[in-house]
Each structure stands twice: as structure tokens, then as C-alpha cells.
Amino acid sequence: MSRHALVAALAGLLLPVVAMPHSFEPALLALREVGGGLFDVVWKSPMPRGADDPIGGLTPVLPAHCRTLADPGAPAEPETESVEVARFFRVDCGAAGLAGAEVAVEGLPGSRVDVLVRVTWADGRVSLGSLRSGAETLVVPGVAGGEPVAALFARYVRLGVEHIAEGIDHLLFVLVLVLLVDRTRALVATVTAFTLAHTLTLALAVLGIVAVPPAPVEAAIALSIVLVAAEVARGTATAPSLARRYPWVIAFAFGLLHGLGFAGALREVGVPADGVALALVGFNLGVELGQLAFVVLLLPLRAALRRAPVVVQRLPAYAVGTLAVMWTLERVAAFWRPPAG
């Protein structure tokens with residue numbers, strides 16, 4: 001067996017381990033006040049469908065005084081077996097409303113799913129919370145006086161950290177960047193360029209200055225991982241490529257794409273109308289803190305790989321690259337698939 005065939009085989013064995021975290025994305029329970037005690041509800045679950053279980057075995061439970069005005073009906077058909085599915089309906093919570101009431105998700109105990117709860121009030125304010133196994137109920141905070149500035153900022157910092165921790169594609173891109181760059185000073189410049197780029201597009205997208213459909217962005221993000229992983233896998237035996245000579249340029253260019261991906265996540269969470277700048281800064285800071293922690297964890301791995309045989313040095317690049325190819329093909333296929341009906 002050739003060296004490259006051996007590496008590819010080892011990479012295939014690692015793929016299930018690397019890919020596993022990708023399926024554990026948070027669910028979303030979003031309620032938007034439309035006036036008169038009425039709320040439009042969106043319930044999204046990323047869990048895989050089953051034959052008799054189209055929403056992943058989880059069911060939102062609203063206060064008893066909230067009456068469903070229309071049958072939620074069948075969920076929208078997802079594009080693949082692993083993407084999120086959704087229900088849309090309206091409830092009437094009467095004069096009592098939702099402030100101070102409890103919401104829950106049935107089926108959450110014992111699961112590995114977190115649920116983000118977002119309530120958008122009629123005046124544009126946003127109340128956020130989360131549900132998880134062991135904390136299955138949430139008291140919806142009111143809007144009187146708004147959320148304290150420090151609490152709002154801390155909430156979005158935490159959301160940023162959680163997003164980067166759950167964003168396996170973003171983390172794998174950082175991984176291949178760290179493996180690509182040998183010198184510490186060049187690595188600092190490369191990671192800084194990536195940070196500046198995704199900060200720029202995150203801000204432009206959230207502020208509505210730039211609008212790009214999410215499907216091609218997600219496919220391009222996966223492709224960016226493929227390209228950088230290929231550079232790592234080819235090693236330094238050949239003439240230095242642009243990525244080897246100027247890794248910060250590559251990091252900045254692809255960082256623009258990743259910023260659009262971060263923006264999609266932040267828009268999904270929701271941004272309070274009177275705290276856009278604070279939420280944007282807090283979320284981005286959380287992303288950077290999570291990213292920096294990940295880079296620090298990778299440095300011992302990079303040092304160990306430098307002392308390992310060449311076949312072992314290239315193993316992470318083959319594993320990550322193979323996984324990213326699968327993601328790219330999957331996302332492109334979903335993007336070009338014609339709508340049902």
C-alpha cells in the first residue's frame with residue numbers, strides 16, 4: 001500500500017470521530033409578539049428525522065393560558081436527513097401574555113440538545129434564554145426597563161463562545177491554518193487576518209449592508225477547508241505556494257466567508273433593536289475568545305506533529321480535507337436541488 005493510500009485509509013477511520021459533534025446543534029424556539037397577546041411561533045430542531053418523528057422527538061410546551069389558533073400542521077420538508085426541520089404557528093396568550101410565564105420543551109431530559117429561546121417583543125426588544133437537560137423550564141423575562149447593559153453584553157459573549165464551540169467547520173478551518181503555518185509570528189499574523197476579515201463581514205451582514213444567501217456561503221466555507229487542508233497535505237517538498245508564502249492573505253480572503261456564516265448564526269439568535277452595537281461586539285468577542293482558546297489547545301498538537309513521521313504529520317489534513325469534501329458536496333447538492341412540487 002502506498003503512503004498516500006495508507007494516510008487516506010487512516011483518515012477514513014477518523015472521520016466518524018471528527019464528524020460527530022457536527023450533528024449536535026442547538027434547537028430554536030422563537031416567539032414574536034404581534035400585538036393583542038398574539039405570538040408567532042417558530043420551532044426548529046436540527047435533530048435527524050425518523051419515520052414517525054419529524055421534529056426529532058422534542059415538543060415545545062407553552063403556558064396553559066396560551067391557545068393555539070391554527071394547527072401547526074406538517075413541518076416543512078428538510079433538504080437532507082440531518083438538517084433542521086421547522087414548525088410555524090400562532091398562539092393567543094391573552095392579557096396575561098408571556099412575560100413571567102414558563103416555557104419548556106418536552107423530551108429534553110436526557111437528550112444532548114440545547115434549545116435557544118428567543119422572544120421578540122412588539123417594541124423590538126429581545127429576551128433570550130436557553131433550555132437543556134437538567135434545566136428544562138424557563139421563566140420568560142419581562143421587558144420593563146430592558147435588560148441591563150452588562151447582562152446583555154455578557155449574554156452575547158456567551159452566545160459567541162457557544163457558537164464557535166459548536167461550529168465544527170469554523171474550528172476545522174482554524175485547525176488547518178495552524179497546521180499550515182510553521183513560524184509563530186506568521187501564525188499570529190494569519191489568525192489576526194482571519195479575525196479581522198470575519199469581524200468585518202459579520203458587522204456588515206448584521207447591519208444589513210451586505211446580504212448573501214446562506215446556502216452558497218455554507219458551501220464556500222466547506223470548500224475553504226478543503227483548499228487549505230490540501231495545502232497542508234502536499235507538504236513543503238514542492239515549491240512554496242501562495243498559501244505557504246502569504247498565509248495571512250488566504251486567511252483574510254476565507255475569513256470574509258466565515259464572517260458571513262457567523263452573521264447567519266447571530267441573525268438566527270436575534271439582535272435587540274436598541275442594542276445592536278453591544279450585541280455585535282459581545283458576540284464577536286465571544287467568538288474570538290473561543291477561537292483563541294482553540295488555537296492555544298492546538299499548539300501542543302502542532303509541536304508533536306513536527307516530530308512525528310511524515311505519514312502522521314499529514315493525517316489530520318487528510319481527515320479534515322475528506323470530511324470537508326463531503327460537506328461541500330452535500331451543501332452544493334442541497335443548494336441546487338429543485339424545490340419539491
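Name the residues in the stretch 87-126 that are buried (at least 17 other Cβ atoms within 10 Å of the Cβ) and part of a strand (DSSP E or B), would you?
Residues satisfying the conditions are ARG87, VAL91, VAL103, ALA104, VAL105, VAL115, LEU116, VAL117, ARG118, VAL119, THR120, VAL126.
Please report, ordered by residue number, the helices (runs of 4 or more DSSP H) entirely within the stretch 246-341 with at least 3 residues that are more than 29 Å from LEU204 (Cβ to Cβ) and at pLDDT 90 or above.
Qualifying helices (runs of 4 or more DSSP H): 276-306, 315-336.
Using beta carbons and a limit of 6 Å, which pairs, at least six apart or on different chains, have the first residue in the stretch 319-334 and free of Cβ contacts under 8 Å to residues at least 12 places away in the same chain and the second one crowded, with 17+ Cβ neighbours inside 10 Å and β-branched (Val, Ile, Thr)?
Close Cβ pairs (under 6 Å, with a partner that is crowded, with 17+ Cβ neighbours inside 10 Å and β-branched (Val, Ile, Thr)) do not exist here.
For GLY259, indicate whether it is at positive phi and of a type outside the set (A, V, I, L, M, F, W, C).
Here the answer is no, as GLY259 does not meet what is asked.
The values are calculated or read from the model by the stated rules, or taken from the named source; none is laboratory data. No experiment lies behind these values; they were computed from the predicted model shown. For neighbour counting, all protein chains shown are included, and Cβ atoms are generated from backbone atoms with ideal geometry for every residue, glycine included.
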